[in-house]
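Read through the structure below, which is laid out as structure tokens, and then see the notes.
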Amino acid sequence: GIKEPKGSKVSVLNKDLFQRFMNRNPLVLMEFYAPWCGHCQEMAPKYREAAAQLAAKKSELAVPVKFAKLDDGDEYNREARFGAEDVYNYSSYPALFVFKDGKMDTPYYGGREVEDLVDHMTALANGKDPWEEEKKRRPGLYKTKCGQEVVAELEPETFNSSLVIPATEDNTVWIVEFYSDRCPFCQSLSPEIIKAAETLDEQYKSQGIKKNVRIAALNSRVFDDVPEVWGVTGYPWVTAFYDGTKIADMAGLGGAQSVIDWANRMVAEHWKPENGEPKDKVIELASEEVRAAHAREWKLNYDKEQAKKKAEEAGEEYVEETVEE
């Protein structure tokens, strides 16, 4: 199997220890892996680091969190049939599950980076919804890589107010990348998007004219309702906006130069000087209070949709609960 170094906070189980360990620990993130699996090997140090961080913050957790793993490629362990349809029902590695009070509660659907693992399990340990907490946190690829004046990270509160407005209010062509922070291609593309934004800025400065094209980005994974409105069905996906609406979707997305060339073409084809000056304003990120309010609203709507779905599956009429003032 994939060995754990001395001092590791990841518990290594076999089929004999498995249930005893689950019974003794109220909240466990469990990984079933195979030693030959490349994704398992890649995740091992991240899983180990997340376990160490959660162990270090034990005093901040209402319920202690344990990380464990089991070599499902081992013939002896395979006798337990952990991956079988009538047990935990998985067919690929690594397979992660959350166990509560000795029983499998749900598959782990969170991200596989250290921060994702820690945040997800911290939320569960403190009795919170991990998805609602992520909506508050609002992860973004560009927040730590460049300033808002270079590539503006858009949020639901700023998307419409910045892009979906008449050109007479802000005569700017916006080039928007819809991405997922967990998409490997999006991650590798981000330096090219930043380079394109910086090159465009230098281009306008050298010409001594006010910049009338800007680059922005939105995390479609977190804010999935926004791209849906504009017909964006995947990521990375680059779109141009002008005068309050989408004007084109980019084809042939490559490196920085492809974005620069397309941005210049969008300006040449669509920008109208008679609409006035571009504002070139810096888009501020939402406050903690705004993020929390948005997350609560999302949670209410999500719970409502799940209740409707459950009622439909049971052949019952859905009756929305009303809260008395």
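It is to be established whether one or more residues within the stretch 146-154 are among the polar types (S, T, N, Q) and surrounded by 18 or more Cβ atoms within 10 Å (Cβ to Cβ).
no
Filtering the stretch 1-45 down to residues that are basic (Lys, Arg) and either modelled with pLDDT under 95 or more than 22 Å from Asp116 (Cβ to Cβ) (or both), which residue is nearest to the chain's Cα centre (by Cα)?
The residue in question is Lys3.
Please work out if Glu269 is among the charged types (D, E, K, R) and more than 30 Å from Glu202 (Cβ to Cβ).
Against the criterion (among the charged types (D, E, K, R) and more than 30 Å from Glu202 (Cβ to Cβ)), Glu269 does not qualify.
Taking the conditions exactly as written (buried (at least 18 other Cβ atoms within 10 Å of the Cβ), farther than 13 Å from Val176 by Cα, β-branched (Val, Ile, Thr) and in contact with a helix residue (DSSP H, G or I) (Cβ under 8 Å, 6 or more places away or on another chain)), does Val290 satisfy them or not?
no
Can you report the number of residues in the stretch 10-34 which are assigned to a loop (DSSP other than H, G, I, E, B) and either within 18 Å of Arg81 (Cβ to Cβ) or not assigned by TED's automatic domain parsing to the domain that holds Leu117 (or both)?
5
Select from the stretch 298-325 the residues that are among the charged types (D, E, K, R) and either on the phi > 0 side of the Ramachandran plot or in contact with a helix residue (DSSP H, G or I) (Cβ under 9 Å, 6 or more places away or on another chain) (or both) and list them in ascending order.
Scanning the stretch 298-325 gives Lys299, Glu316, Glu317, Glu320, Glu321.
From Val259, Val267, grab the single residue that is part of a helix (DSSP H, G or I), within 29 Å of Lys135 (Cβ to Cβ) and aliphatic (A, V, I, L, M).
That would be Val259, the only listed residue that is part of a helix (DSSP H, G or I), within 29 Å of Lys135 (Cβ to Cβ) and aliphatic (A, V, I, L, M).
Those residues that are charged (D, E, K, R), more than 23 Å from Arg137 (Cβ to Cβ) and in contact with a Cys (Cβ under 9 Å, 6 or more places away or on another chain), I need them from the stretch 172-223; list them, please.
Glu198
Those residues that are farther than 21 Å from Thr168 by Cα and out of contact with any helix residue (DSSP H, G or I) (no Cβ under 6 Å at 6 or more places or on another chain), I need them from the stretch 256-277; list them, please.
Gln257, Ser258, Asp261, Trp262, listed by residue number.
So, Ser258, is that one under 17 Å from Val151 (Cβ atoms), buried (at least 19 other Cβ atoms within 10 Å of the Cβ) and out of contact with any Cys (no Cβ under 6 Å at 6 or more places or on another chain) or not?
Here the answer is no, as Ser258 does not meet what is asked.
Just one of (1) part of a helix (DSSP H, G or I); (2) under 24 Å from Val229 (Cβ atoms); (3) over 18 Å from the mean Cα position of the chain (by Cα); (4) modelled with pLDDT of 95 or more trips up Ser161, so point out which.
Going through the list (1) part of a helix (DSSP H, G or I); (2) under 24 Å from Val229 (Cβ atoms); (3) over 18 Å from the mean Cα position of the chain (by Cα); (4) modelled with pLDDT of 95 or more, Ser161 breaks only (4).
Of Gly38, Gly140, which residue is on the phi < 0 side of the Ramachandran plot, small (Gly, Ala, Ser) and surrounded by fewer than 16 Cβ atoms within 10 Å (Cβ to Cβ)?
Gly38
I'm told Asp224 meets every condition in (1) loosely packed, with under 14 Cβ neighbours inside 10 Å; (2) within 30 Å of Met104 (Cβ to Cβ); (3) more than 14 Å from the chain's Cα centre (by Cα) except one. Can you identify the failing condition by its number?
Answer for Asp224: the failing condition is (3).
Under the condition of being within 21 Å of Trp131 (Cβ to Cβ) and assigned to a helix (DSSP H, G or I), which residue from the stretch 188-241 is modelled with the lowest pLDDT?
Asp225
To keep it simple, each residue is scored yes or no on (1) among the acidic types (Asp, Glu); (2) surrounded by fewer than 17 Cβ atoms within 10 Å (Cβ to Cβ); (3) at pLDDT below 95; (4) assigned by TED's automatic domain parsing to the domain that holds Ala196.
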position: Gly83; (1), (2), (3), (4): no, yes, no, no
position: Tyr93; (1), (2), (3), (4): no, no, no, no
position: Leu96; (1), (2), (3), (4): no, no, no, no
position: Tyr108; (1), (2), (3), (4): no, no, no, no
position: Arg112; (1), (2), (3), (4): no, yes, yes, no
position: Thr168; (1), (2), (3), (4): no, yes, no, yes
position: Thr172; (1), (2), (3), (4): no, no, no, yes
position: Ile175; (1), (2), (3), (4): no, no, no, yes
position: Tyr179; (1), (2), (3), (4): no, no, no, yes
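The values are calculated or read from the model by the stated rules, or taken from the named source; none is laboratory data. Keep in mind that what you see is a predicted model, and the values were worked out from it rather than measured. Using ideal geometry, Cβ is built from the backbone for each residue, glycine included, and neighbour counts are taken over all protein chains shown.
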